[in-house]
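Reviewing the structure listed below.
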Amino acid sequence: MLRLMTVFALLFAMTAPASAQVTTDDPRAATGGAQTLEDILRRQEGLVMDDSFRSDVTGNPANAAPITDQLGTRGGASDPDLWRAYRYEVADLSTQARGPAVTTMIQDRGMWWQAFREGPLVLMTAALLGGTLALLALFYLIRGRIHIDGEKTGRTITRFKAFERFGHWLLASSFILLGLTGLVSLLGRKVLIPTFGHEAFSGLAIASKWIHNNVSWAFMLALVIVFVVWVVHNIPDRTDLKWLAKAGGLFGGDHPPAKKFNAGQKLIFWAVIILGGSISASGISLLFPFEFNMFAHTFSVINGWGVPGWFGLPDLPYPLLPHEEMQFAQLWHAIISLVLTAIIIAHIYLGSVGMEGAFDAMGKGEVEEQWAREHHSIWADEVLNTKPSKSEA
């Protein structure tokens, strides 16, 4: 018996390396060709995985089992094969419907989007908007309202003409409506439905969607108006460096010289134009689903330049399914909108309660002469040298 066990142990030792070599060369040999635990973990972590063991098995007759095997009479088109063909967009489908994405039967690459939208994006919203409000409140407690230092003259200077103010208020009012209705869509499932219930949220969601889709055109029109009338005054120059070096006098001290728009206002202007333009582009993509694809080509170019590799990251996904284009557009639209909203909140603060006399510029179009001399001295000198000051009387 001892001799028999010794022979068995020697035979096992001789065959073990060969078995290990097979397992190393074919990690799915032990699973019969199915996915391994490593495959599952990589997919859950959103990492790139080689799923050719599935995508290559989609009912190709050349891969069919012999007729003597269990599924040999099916010609290689078993039910799992057909479902994989639907999943990997290789099934020979025909439909009477016309348009993009109509033959996309299964789209399972959007789980990351749903998880990000309901998790990190909601936290980002609370942190960015809540953090901005908290910082502004802290700034107000420390600095207080920025008052006019000198004695008021009782004379005013025309700051903005009626058409300029029309463009500004059209942009401001449309952006506020878009921001509020956008938050309804973004936070509805996680915040509003648990708080108010499905029925109450339903009416709010329908109204918000209608307002958001239609007011967006007013926002884009206002964006063009604001750019045309003010771009010439927002070209950076040397005076902006001096203004930035003193932080515009926001934290105390004298207000540095500035033209019609100071460096801070120029930063806000270009943020509105660039970020607002990007929001508009992604918004149009969402208004007309599957018609304007922005991300697949962009990702292809970025991958071609090797940008992800600079940061030790894998290539961006390419190509994209039609639904993935919409998912990326929705996330981009939401994130850029949140960033611009935080900037606009700070702008609203400084243009209202944060600075004495600032609201008159857009409210009345006229500003106190002393305010103009303190905050926009170069512009005030130019105006007063070419046109007499206007009396409030």
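The values are calculated or read from the model by the stated rules, or taken from the named source; none is laboratory data. Please read all numbers here as calculations on a predicted model, not as lab measurements. Note: ideal-geometry Cβ built from the backbone for every residue, glycine included; neighbour counts use all protein chains shown. These area figures cover heavy atoms from the full protein model, side chains too; ligands, DNA and RNA do not enter into them. Shrake-Rupley method; radii C 1.70, N 1.55, O 1.52, S 1.80 Å.
Points to keep in mind about this one:
- Applying the condition of being in contact (Cβ under 8 Å) with a residue 40 or more places away in the chain and not in a loop (DSSP other than H, G, I, E, B) to the stretch 285-320 and asking which residue is surrounded by the fewest Cβ atoms within 10 Å (Cβ to Cβ) yields Leu287.
- Test: residue in the stretch 349-358 that is in a helix (DSSP H, G or I), modelled with pLDDT of 90 or more and assigned by TED's automatic domain parsing to the domain that holds Asn262: yes
- Residue list for the stretch 221-270, filter: closer than 19 Å to Ile344 by Cα and among the charged types (D, E, K, R): Lys266
- Residue under evaluation Ile225, criteria (1) at pLDDT 95 or above; (2) out of contact with any Gly (no Cβ under 6 Å at 6 or more places or on another chain), criterion not met: (2)
- Subset of the stretch 228-255 [modelled with pLDDT of 90 or more and open to solvent by less than 70 Å² (accessible area, probe 1.4 Å)]: Val229, Trp230, Val231, Asn234, Asp237, Thr239, Asp240, Trp243
- The listed residue being open to solvent by 70 Å² or more (accessible area, probe 1.4 Å) and not charged (D, E, K, R), out of Ile211, Ile268, Ile274, Ile225: Ile274
- Tallying residues that are closer than 20 Å to Asp254 by Cβ and open to solvent by less than 70 Å² (accessible area, probe 1.4 Å) within the stretch 118-142 yields 1.
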